[in-house]
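Taking it in order: structure first as structure tokens, then the write-up.
The values are calculated or read from the model by the stated rules, or taken from the named source; none is laboratory data. Everything quoted here is computed from the prediction, not taken from an experiment. All Cβ positions, even for glycine, are placed from backbone atoms using ideal geometry, and neighbour counts span all protein chains on display. The protein model used for the area step is the full one, side chains on, heavy atoms only, and it has no ligands, DNA or RNA in it. Shrake-Rupley method; radii C 1.70, N 1.55, O 1.52, S 1.80 Å.
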Amino acid sequence: MTTSSPSTPIAIVVQVVRGQAGEKKKRFTAGFKVGRSRECDLQIGENCVSRVHLHVRFDSGQWWLKDLESANGTFMNGVRIQEALLSESAEIELGRGGALLSLTIEKIELPKVEEAPAPARDFTTETQIIRHYLDNTRKEDVGEQTMMFRRAFQRVQKKKSRKYQAVIGVALLLLIAAGSVIIYQTQKLNKLRTTTENIFYTTKSLELQIARLEQIVLLNTDPKQVEDLKTKRITLRDMEKEYDNFVKDLGIYKKAPEDEQLILRVARTFGECDANAPKGFVDEVRRYILIWKKTDRLKTVLNRAKQKGYTRFIARVLNNFDLPHQYLYLALQESNFDERAVGPQTNYGFAKGMWQFISLTANQYGLQIGPLHDQGVYDPLDERFDYIKSTMAAMKYIKDLSASDAQASGLLVMASYNWGQNNVRKIIQKMPENPRERNFWRLLAYKDIPRETYDYVFSIVSAAVICEDPRYFGFDGLDCPTQQTREGTAK
């Protein structure tokens, strides 16, 4: 008789698909490190690769990947990771567009071990006696009494066998029934998820229609168009309620930790579908929350904004434009709510003011540019430094982005705002013109995002999440702008 070993070690094969490396294919049976340094087990000579970029370790029968605080990040199957479990295989990118590795797990089959035959023993034990009288497979000559014992034993065994067969049959039926229920429930859940996504993106399409109709109504003030706008708004509210019901049935928030619930709700507030958020998004927001905790910037800036009355004013304008109050954190990321802020020089000149308008966009949205527009200084004659006028212009700009290229995707609006409208059009216009296929989730999956813009969007989202429940995230004493703005609009 042969048996296999109770445990088989696991190896991992690494192939360098793209990038300069001394060895294009290497096999490991223990943990290893990847980077430019000679101390790494797999050395890759690419500028986008850090000295010690990635650690792959074997722990409790599984392979784990950990980014070692690399400058350009580690991406598994297109999604940025800090630490992740490796399944059977994956593509690992060291920096966006950088070195590309293919990792494949393989099991090592150990040689089978022959089991030594049991030594022959004398007919002196109870076991030998039972085997002699009851084992009908033995071919030696036996007496009539022995045969009688064996036939009696066989009858008893047949009765027990029928009983066991009945028990096993019932158990199999129960298993089949349970399996059928699981398959049915899985199919039902998948259908429910698909229906939920369909409702969400149909709602976003209607929201786009409303936004475009609003622009027409503002120009024409046609009574029929005004009435059509009201009807569409009622339909939109009904669809949002229907979506809420489907989300409850789907149980997205039921078993999720509180921070995950807050993250998904904020994403949905910004116009992204919480029912199909990509894997890794929640963990990435958590990582940026930890970055906020390393500095007093959030508390300091928000206190200053409150003292100057900026948050309440911005909230009222956002409310008038029917935009989420969380867009307030865009000004935080742009300028720290500094109405006299001057950004670095770019190909489009200097970005100025709380909302960091360049001259071209500011002119487009009705702001008067001052005589010092080509200098990196404060200019009292430049309306970009007027926080009231610039806030009104920023809201119009955000509304236009949402109603056109961003397709009602709030996070795509942020990415567009950061890149500049003309730059982002070159990228997002290649995506189909509908909310289902043109949104931030699609951008994360298929498009390369500049590091600055990636940080920009996740910093705003994480700040908004923190301010949903500052104490939960350990920001005691933080005077949350979202709470202030709710009070302000109520008054």
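Descriptive notes on the structure:
- Helices (runs of 4 or more DSSP H) fully within region 271-381 counting 1 or more residues that are within 23 Å of residue 478 (Cβ to Cβ) and basic (Lys, Arg): 281-293, 297-307, 310-320
- So residue 334, is it among the acidic types (Asp, Glu), touching a Ser or Thr at 6+ places or on another chain (Cβ under 8 Å) and either free of Cβ contacts under 8 Å to residues at least 40 places away in the same chain or open to solvent by 30 Å² or more (accessible area, probe 1.4 Å) (or both): no
- Failed item, numbered, when residue 305 is tested on (1) closer than 18 Å to residue 394 by Cα; (2) among the hydrophobic types (A, V, I, L, M, F, W, C); (3) in contact with a Leu (Cβ under 7 Å, 6 or more places away or on another chain): (3)
- Against the list (1) farther than 30 Å from residue 280 by Cβ; (2) open to solvent by less than 50 Å² (accessible area, probe 1.4 Å); (3) at pLDDT below 90, the condition residue 347 fails is (2).
- Among residues of region 49-62, those that are open to solvent by less than 70 Å² (accessible area, probe 1.4 Å) and at pLDDT 90 or above, counted: 8
- Top-ranked residue in region 224-265 [being outside any helix (DSSP H, G or I) and of a type in the set (A, V, I, L, M); ranked as surrounded by the fewest Cβ atoms within 10 Å (Cβ to Cβ)]: 256
- Meets criteria (within 26 Å of residue 335 (Cα to Cα) and either buried (at least 18 other Cβ atoms within 10 Å of the Cβ) or of a type in the set (Asp, Glu) (or both)) for residue 275: no
- Criterion applied to 297, 268, 312, 287 was being within 21 Å of residue 413 (Cα to Cα) and open to solvent by 10 Å² or more (accessible area, probe 1.4 Å), and the one residue passing it is 268.
- Qualifying residues in region 350-363 (those that are more than 27 Å from residue 268 (Cβ to Cβ) and of a type in the set (Phe, Trp, Tyr)) - the one most open to solvent (accessible area, probe 1.4 Å): 350
- Of the residues making up region 221-271, those that are farther than 16 Å from residue 204 by Cβ and of a type in the set (Phe, Trp, Tyr) number 1.
- Exactly one residue out of 251, 309, 280 is touching a residue at least 24 places away in the same chain (Cβ under 8 Å) and on the phi > 0 side of the Ramachandran plot: that is 280.
- The sole residue among 442, 451, 436 that is open to solvent by 40 Å² or more (accessible area, probe 1.4 Å) and free of Cβ contacts under 8 Å to residues at least 12 places away in the same chain is 442.
Each row is one residue, and each column tells you yes or no for (1) modelled with pLDDT under 90; (2) touching a helix residue (DSSP H, G or I) at 6+ places or on another chain (Cβ under 6 Å); (3) surrounded by fewer than 19 Cβ atoms within 10 Å (Cβ to Cβ); (4) not charged (D, E, K, R).
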site	(1), (2), (3), (4)
20	yes, no, yes, yes
31	no, no, yes, yes
35	no, no, no, yes
65	no, no, no, yes
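- Any hit, region 103-113, residues being acidic (Asp, Glu), surrounded by 11 or more Cβ atoms within 10 Å (Cβ to Cβ) and either modelled with pLDDT of 75 or more or closer than 25 Å to residue 28 by Cβ (or both): yes
- Condition met for residue 395 (touching a Lys or Arg at 6+ places or on another chain (Cβ under 8 Å) and either in contact (Cβ under 8 Å) with a residue 60 or more places away in the chain or outside any helix (DSSP H, G or I) (or both)): no
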